[in-house]
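The values are calculated or read from the model by the stated rules, or taken from the named source; none is laboratory data. Nothing here was measured: the structure is a model prediction, and the numbers come from that model. Because the Cβ atoms are built from the backbone with ideal geometry, glycine has one as well, and the counts that use them run over all protein chains shown.
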Amino acid sequence: MAFSIGATTTSSRSINNGVTTVDCHKQVRSWRLLRYLVALLIPTCNCIEQKEESFEHKKIMRGAASTTSTITGTIFGYRKGKVSFCIQSNSNSSEPILLLELAVPTTILAKEMRGGTLRIVLESSCSYNKNLFSTPLWTMYCNGRKVGYAVNRRPLNSDLEALKLMRSVSVGTGVINNEQDNELMYLRASFQRVRGTSNSESFHLIDPEGCIGQELSIFFFRSPR
């Protein structure tokens, strides 16, 4: 399956987990990432846009002095499986800062994205005093609705190989073919990382023109017992 936007760099490599080729890598010149990923996953779908806002989102952002930086974020998952969210210091980094397996199937997440806005809130009452990203389990809200849990896990070899194949991509969407006809799809972009307190952080997608919008935001909020 081929898929192209803007300038394209084509690559073909083999890896051990059944992923055999990367059909295309795209560098996108305008803000179309979410729309194109949705078109890949669900070319036709009648979806209802969620109007409810997340209460957790308001708690995270209220009154906290924050610092910001820019990181690379990748959302990826098999068409027939669940979605993972990976944070790296940059697109060439060999080790993720965080890898979360999200509760929602890839197609359900795409339906949420269809409305043009995706806000994921991850909340935990874990009593850890360690780094926020050491928290093992998060309750997950998607556009204001509780959808299950997100699990903090160590990268598998298949994750690391997939990220390695995406190393040349700084911004874009793509498809990696699988021998079992279960395509791996990804969205990679720069995110603004906002550090509120030791128990709250958020990530906001930066479009390829450098604007920080509300189309895709991910919030972490921990309330120690």
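For this structure, a couple of remarks:
- Where strands (runs of 3 or more DSSP E) sit wholly within the stretch 116-199, those with at least 1 residues that are modelled with pLDDT under 90 and within 21 Å of ASN90 (Cβ to Cβ) occupy 172-178, 184-197.
- Filter result for SER66 (small (Gly, Ala, Ser), surrounded by fewer than 17 Cβ atoms within 10 Å (Cβ to Cβ) and at pLDDT 90 or above): no
- Counting the residues of the stretch 120-153 that are of a type in the set (S, T, N, Q) and touching a helix residue (DSSP H, G or I) at 6+ places or on another chain (Cβ under 8 Å) gives 2.
- The residue pairs whose first member lies in the stretch 203-225 and is within 18 Å of PHE85 (Cβ to Cβ), whose second member is part of a strand (DSSP E or B) and at pLDDT below 75, and whose beta carbons are closer than 6 Å, counting only pairs six or more residues apart or on different chains, are HIS204/ILE212; ILE206/ILE212.
- Taking the criterion of being aromatic (Phe, Trp, Tyr) and surrounded by 21 or more Cβ atoms within 10 Å (Cβ to Cβ), the residues of the stretch 92-142 that qualify are TRP138, TYR141.
- The stretch 108-121 residues that are in contact (Cβ under 8 Å) with a residue 12 or more places away in the chain, paired with ones that are in a helix (DSSP H, G or I) and among the acidic types (Asp, Glu) (beta carbon under 6 Å, 6 or more apart): LEU118/GLU112; VAL121/GLU56
- For beta carbons closer than 6 Å, sequence separation of 6+ or different chains, a first residue in the stretch 80-94 that is closer than 17 Å to GLU183 by Cα and a second that is loosely packed, with under 15 Cβ neighbours inside 10 Å, the qualifying pairs are LYS80/ASN182.
- The residues of the stretch 154-187 that are in contact with a helix residue (DSSP H, G or I) (Cβ under 8 Å, 6 or more places away or on another chain) and of a type in the set (A, V, I, L, M, F, W, C), listed by number, are VAL171, VAL175, ILE176, LEU184, MET185, LEU187.
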